[in-house]
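A.B. asks: Supplied in structure tokens, the structure appears directly below.
The values are calculated or read from the model by the stated rules, or taken from the named source; none is laboratory data. Everything numeric here is computed off the predicted structure, so don't read it as measured data. Heads up, the Cβs are rebuilt from the backbone with ideal geometry, glycines too, and the neighbour counts pull from every protein chain shown. Keep in mind that these areas ignore ligands, DNA and RNA; they rest on the heavy atoms of the full protein, side chains included. Shrake-Rupley method; radii C 1.70, N 1.55, O 1.52, S 1.80 Å.
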Amino acid sequence: MRFKTELKNIRTFSRLVAALNTLEKIAWVRLDDDTVRFTVIPDTGSQVWASFSVDTIFDSYHIQSAEASNTINLELPLGPLQRALKSALNSNHASLRLTKRDGIPMLSMTIHTMTKDAPSRRGNNPKTTDPMDRNDDYDDADNDPFSETNNSLYPQESLELTHKREREKVITQDIPVRVLHPDTVETIMQPKVREPDVHILLPPLVQLKGISDRFTKLAITTASASSSSSSSARKEALNPKLEISANMHGSLRLRLVADTLDITSVWDGCLENPELDPAQLTVPIEEHPSTKYREAGPEKWATVRVDGKDWSRVLSVGRLEGSRVIACFTHEHALILYVYVRRADDDDFPGVGAGRDGDGEDVVTYYVTGYSP
Amino acid sequence: MVILNFTLSEEGVSVFHDALACMYKFSDDVCLEARKDKLTLTTLNISKSAYVCFTFAANRFFSRYHFEGNAQYRDRFFCQLYIRSLLSIFRSRQGSDSVRDKDASIERCDVAIDDGPGKKSRLVARVSCRNGITASHSLPFESKPPIHAKFDKDEAANCWSISSNTLRQLMDHFGPGIELLDINTDDEDRVVNFTCFTDKVQKRGPHGNEAVLKKPLHTNISVEMAEFDDVEVQDKLHIIISVKDFRAILQHAQITSGKLATYYSEPGRPMKLSYSADGILCEFILMTVGEQDAITQKHKNTRARASKTPKPGPGPSPASKPEGSVASNQAQEAPKPVQSPPQQKISPRPRQTQFEIRPPPVPPRAPVTARSDRSDSPLFVEQGDEDEQWEPVDREDDDEFAKEVG
């Protein structure tokens, strides 16, 4: 069993891993000749199936396996992978291979990188001098899902000739992995959902996440403030549910209903309902549920209730910049997000086809957990 | 009568603050020692495996400095203070660029220590801000002589130095959950390796297989010897120290873009790291982990005393050896604990102090429970719940959540 590759588009890779890591610590990775697939299935909360063309993040890719159709199935912790990729950002060159250390399988990332010359002393990062923060073991600049990935780490410097010449350092990051037997992954299936009632292109996620988080936070604050109510009701109130609705006339509605609150935010008719590709449908377009919803007019909404915190973690996929996100609503049943990731080297941006993963596209699919009203 | 008084400039206040902040990562209190020509701050961590010493030159670091001995303190004055209370005094109030904040920035700070018979022992710090406000703080102190760890430079045949900035940046590549840093050299490849790892046994998880995935990142950084100055290291020598200590040091080492120099001899013997900036010398002495293979007993310990510090941790360990309060100036080596791998779960801390500590014996200090994550916790003993380090950044935690939202 062999797997060896150079890394490219490390930023995209790193952000994908960061997004997955918000939902679950451990991912199942499936590699074959053409695609690399990351799957996370949390105990509770939304699951993600991300499928990338090998060319998107890998280069000089070699895979060799005795398993059927040359696949390798791995289980790996996302935290360490994310950390390793962080080291690889801004590197000169990075590669990844499957190896063993002390008999334990490892994904070993080899990074060739430079350090930068002395940053100016003060003002760079006042946080580092905060004495009350004793647990500043490692910086947490990645905490904000939408933060720029810690650029402050490498501030720009003027050329200094008196310094000793910087040389390339070789960093090896070994990520523990488990190699999975094909039998163990055979049973894991991508969820099957019936044709969606409404599909809509979501507004910029930073906007949507901002508003959703505000709603959720508001609900939590209100719940914490009210002293009454039983413990189960209280628990419920601390995990507020958001009601998300969309119609086939370009509108998206976000609503929070709590004891004392009822707030709604609407994107009114300004969004796009992409055309479906009839070739990919199982039913004639006229009979498709979305056609019925369109004909029923703008008052016909497909609604799904989601958990505010889980939804926030889902939306952290927004850190994959420039992605197009299509949401597919099945009324009171399911919500699926298809995130079409823009390749750095690709101007011809895909993203049409209304929620079908087409061939060779890089798409991250979220099966958002819904709750009954 | 005023024994000591000195004035710190705005810059001085912040350098002083940073030094204290660095020490705070090792210990709760600091010993201040004043002489005519210098002011020294020292601290020793609770497990006595790390010693920190900052020396401020009287004529270069301070805007004004005056020491006048009295009968009690003829040549030097010393006292022990809580770092936390000092930190809050010297905390810089600048931070942002707004006009209002600028006004509140510290212009200078006058510190005076008045002590003697019939006097209240107090350190008085008067902080003058740009906006005209003057704040006076009066801190009680304990009159307690400082403890200094000794380091025999002749014994330390291995040394290297490198830009502290380069080293600090390299540390950024180490992930969470690791405890030990192994510094080793390879003459063939002409590199120095910095390897971070942990020996913690992970017991959580339903079956052994899953525990594998909970192991932290294993990181190795190879740096060409050509990037170092004065490398003089025995080939293939592995020297192991605590990552936490090393991180704390490098974070502070940002004050200089100059060299950080290290000296060490062999596993189980102390290592010294030092760097200097304008008017300030920073020295750290860290006990290195005794390597099983490298156990040698050069010197017989002749003046062993019973352990002064109650040891946390289970049972009688083979390491109940002197906690090094030895008055002798001779380099001495305590017998090393013999560790066999099957016993590792209850094996003694490998980083017991072997510093020579002079002069007064340290009264036993109760272990601070809130700091069990410090390097004083047993290194090879299972540490209980490690789950937190695996938490995604914006998991359940409401505070985090609020931060993210706001």
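A.B. asks: If I ask for residues that are of a type in the set (Val, Ile, Thr) and facing chain A (nearest Cβ under 9 Å), which ones from the range B:210-251 would you list?
C.D. replies: Of everything in the range B:210-251, those that are of a type in the set (Val, Ile, Thr) and facing chain A (nearest Cβ under 9 Å) turn out to be B:Val212, B:Thr219, B:Ile221, B:Val223, B:Val243.
A.B. asks: Taking only the range A:213-223 into account, find how many residues are in contact with a helix residue (DSSP H, G or I) (Cβ under 6 Å, 6 or more places away or on another chain) and more than 9 Å from chain B (Cβ to nearest Cβ).
C.D. replies: Going through the range A:213-223 one residue at a time, the tally reaches 1.
A.B. asks: Let me ask something else. Can you run down the residue pairs with Cβ atoms below 7 Å, 6 or more apart or on separate chains, where the first is in the range B:31-42 and closer than 12 Å to B:Ala57 by Cβ and the partner is assigned to a loop (DSSP other than H, G, I, E, B) and open to solvent by 70 Å² or more (accessible area, probe 1.4 Å)?
C.D. replies: B:Arg35/B:Asp75
A.B. asks: While we're looking at this one, here's another question. Which residue is farthest from B:Thr185 (Cα to Cα), if the candidates are limited to the range B:217-275 and must be among the polar types (S, T, N, Q) and touching a His at 6+ places or on another chain (Cβ under 9 Å)?
C.D. replies: So, considering only residues that are among the polar types (S, T, N, Q) and touching a His at 6+ places or on another chain (Cβ under 9 Å), the one farthest from B:Thr185 (Cα to Cα) is B:Ser257.
A.B. asks: Right, something else. For the range A:279-291, name all the residues that are part of a helix (DSSP H, G or I) and free of Cβ contacts under 8 Å to residues at least 60 places away in the same chain. First the steps, then the outcome.
C.D. replies: We begin by selecting, within the range A:279-291, every residue part of a helix (DSSP H, G or I); these are A:279-280, A:285-287, A:289-291.
A:Ala279, A:Ile285, A:Glu286, A:Glu287, A:Thr291 - these are the residues of the range A:279-291 that are part of a helix (DSSP H, G or I) and free of Cβ contacts under 8 Å to residues at least 60 places away in the same chain.
A.B. asks: Right, something else. Do we find a residue being over 15 Å from A:Asp197 (Cα atoms) and β-branched (Val, Ile, Thr) anywhere in the range A:298-307?
C.D. replies: yes
A.B. asks: On to the next question. Quick check on my filter: what residues within the range A:43-93 are among the hydroxyl-bearing types (Ser, Thr, Tyr) and either at the interface with chain B (Cβ under 10 Å from one of its Cβ atoms) or touching a residue at least 40 places away in the same chain (Cβ under 8 Å) (or both)?
C.D. replies: Result: A:Thr44, A:Ser46, A:Ser51, A:Ser53, A:Thr56, A:Ser60, A:Tyr61, A:Ser65, A:Thr71, A:Ser87, A:Ser91.
A.B. asks: Going through the range A:168-218 one residue at a time, which ones are under 30 Å from A:Ala68 (Cβ atoms) and in contact with a Lys or Arg (Cβ under 8 Å, 6 or more places away or on another chain)?
C.D. replies: Answer for the range A:168-218, where residues must be under 30 Å from A:Ala68 (Cβ atoms) and in contact with a Lys or Arg (Cβ under 8 Å, 6 or more places away or on another chain): A:Asp174, A:Pro176, A:Val185.
A.B. asks: Then there's this: Among (1) at pLDDT 90 or above; (2) crowded, with 20+ Cβ neighbours inside 10 Å; (3) under 25 Å from the mean Cα position of the chain (by Cα), there is one condition B:His148 misses while meeting the rest; what is its number?
C.D. replies: For B:His148, the exception is condition (2).
A.B. asks: To continue, here is another question. Among what's in the range B:1-27 and is part of a loop (DSSP other than H, G, I, E, B) and under 11 Å from the mean Cα position of the chain (by Cα), pick the residue that is nearest to the other protein chains (Cβ to nearest Cβ).
C.D. replies: Top of the filtered list is B:Lys25.
A.B. asks: Then there is this: Pull out all pairs, ordered by first then second residue, where Cβ-Cβ is under 6 Å, the residues are six or more apart or on different chains, the first lies in the range B:100-112 and is of a type in the set (Gly, Ala, Ser), and the second is part of a strand (DSSP E or B) and modelled with pLDDT of 80 or more.
C.D. replies: Final answer for the pair search is B:Ala104/B:Cys129; B:Ala112/B:Val2; B:Ala112/B:Asn5; B:Ala112/B:Val124.
A.B. asks: Do you know which residues across the range A:306-334 are charged (D, E, K, R) and either within 20 Å of the chain's Cα centre (by Cα) or within 14 Å of chain B (Cβ to nearest Cβ) (or both)?
C.D. replies: Within the range A:306-334, A:Asp307, A:Lys309, A:Asp310, A:Arg313, A:Arg319, A:Glu321, A:Arg324 qualify.
A.B. asks: Please pick out the residue among A:Thr184, A:Thr222 that is of a type in the set (Val, Ile, Thr), open to solvent by less than 60 Å² (accessible area, probe 1.4 Å) and more than 14 Å from A:Val304 (Cβ to Cβ). So that I can check it myself, show each step before the final result.
C.D. replies: Values: A:Thr184 fails: open to solvent by less than 60 Å² (accessible area, probe 1.4 Å).
Of A:Thr184, A:Thr222, the one residue that is of a type in the set (Val, Ile, Thr), open to solvent by less than 60 Å² (accessible area, probe 1.4 Å) and more than 14 Å from A:Val304 (Cβ to Cβ) is A:Thr222.
A.B. asks: List the pairs whose first member sits in the range A:171-183 and is over 14 Å from A:Leu81 (Cα atoms), whose second member is open to solvent by 10 Å² or more (accessible area, probe 1.4 Å) and among the acidic types (Asp, Glu), and whose Cβ atoms are under 6 Å apart, counting only residues at least 6 apart or on separate chains?
C.D. replies: A:Leu180/A:Glu75; A:Pro182/A:Glu67
A.B. asks: Right, something else. What number of residues in the range A:298-319 are outside any helix (DSSP H, G or I), open to solvent by 10 Å² or more (accessible area, probe 1.4 Å) and either farther than 23 Å from A:Ala237 by Cα or without any contact (Cβ under 8 Å) to a residue 12 or more places away in the chain (or both)?
C.D. replies: Count: 4.
A.B. asks: Go through the range B:23-70 residue by residue and tally those that are surrounded by fewer than 24 Cβ atoms within 10 Å (Cβ to Cβ), touching a helix residue (DSSP H, G or I) at 6+ places or on another chain (Cβ under 8 Å) and among the hydroxyl-bearing types (Ser, Thr, Tyr).
C.D. replies: 4
A.B. asks: Hey, among the residues in the range B:151-170 that are assigned to a loop (DSSP other than H, G, I, E, B) and either touching a residue at least 12 places away in the same chain (Cβ under 8 Å) or touching a Ser or Thr at 6+ places or on another chain (Cβ under 9 Å) (or both), which one's least open to solvent (accessible area, probe 1.4 Å)? Talk me through it step by step, then tell me what you get.
C.D. replies: Here is the first cut: in the range B:151-170, the residues assigned to a loop (DSSP other than H, G, I, E, B) are B:151-157.
So of that shortlist, the ones also either touching a residue at least 12 places away in the same chain (Cβ under 8 Å) or touching a Ser or Thr at 6+ places or on another chain (Cβ under 9 Å) (or both) come out as B:151-153, B:155-157.
Details: B:Phe151: 44, B:Asp152: 66, B:Lys153: 106, B:Glu155: 59, B:Ala156: 13, B:Ala157: 68 Å².
Residue satisfying both the conditions and the ranking: B:Ala156.
A.B. asks: Assuming A:Arg101 fulfils every condition listed in (1) open to solvent by 30 Å² or more (accessible area, probe 1.4 Å); (2) more than 9 Å from chain B (Cβ to nearest Cβ) apart from one, which condition is it?
C.D. replies: (2)
A.B. asks: So which residues in the range A:258-276 are modelled with pLDDT under 90 and open to solvent by 60 Å² or more (accessible area, probe 1.4 Å), if there are any at all?
C.D. replies: Those that are modelled with pLDDT under 90 and open to solvent by 60 Å² or more (accessible area, probe 1.4 Å): A:Asp259, A:Thr260, A:Cys270, A:Glu275.
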